[in-house]
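Notes for the one structure printed next.
Derivation of every value follows stated rules applied to the coordinates shown; laboratory data play no part. No experiment lies behind these values; they were computed from the predicted model shown. Cβ placement follows ideal geometry from the backbone for every residue including glycine, while neighbour counts extend to all protein chains displayed.
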Amino acid sequence: MIIETALHGKTAVIALDGRMDADQAALFEAECERVVAQGSAHIIVDLARLKYVSSMGLRSFLHVAKTRQAANGGLAIVNFGGFVKQVFDVTRLTPLFRIYDTVEQALQSMP
């Protein structure tokens, strides 16, 4: 999996490309921790190119969202579709996340 990060003020946009299994989930969490340590309060995860997510990947999304919420930050998901959306839907996790169509919409919603 390839992780690309762009900073927009206090919001980090993390784009994921490929497949997220247990090893890549740990890399995703580490990247989220890195951007938070650098001052990002909010994280937007762009899933346009993510092809697969495992149960460990789902756990990582939940962990990051919970951690950001506890710190008065946030996590949003954009470009949510395909197999990844199906996995979130089947596990009934979709309602737990703020979901937007585009990065621009998510950026506008962040304080």
**Study point:** Dimensions (Å) - the chain, Cα atoms, principal axes, largest first
**Key:** 32, 26, 24
Review point. Can you give the calculated 222 nm mean residue ellipticity of the chain, where each DSSP H run of n ≥ 4 adds -39,500 (n - 2.57) and the sum is split over every residue, rounded to the nearest 500 deg cm²/dmol?
Key: -13500 deg cm²/dmol
Exercise for review: Post the alpha-carbon centroid distance, region 51-70 to region 1-17, in whole angstrom.
Suggested key: 15
Review point. Which angle from 0 to 90°, rounded to the nearest 10, does the C-alpha axis of helix 55-70 make with the longest principal axis of the chain?
Key: 20
**Study point:** Label-to-label distance, nm, for residues given as A6 and R59 (7 Å Cα→Cβ offset)
**Key:** 3.2
Check your understanding: Contour minus end-to-end for A22 and N72, with contour as 0.36 nm per residue of separation and end-to-end as the Cα-Cα distance?
Key -> 15.3 nm
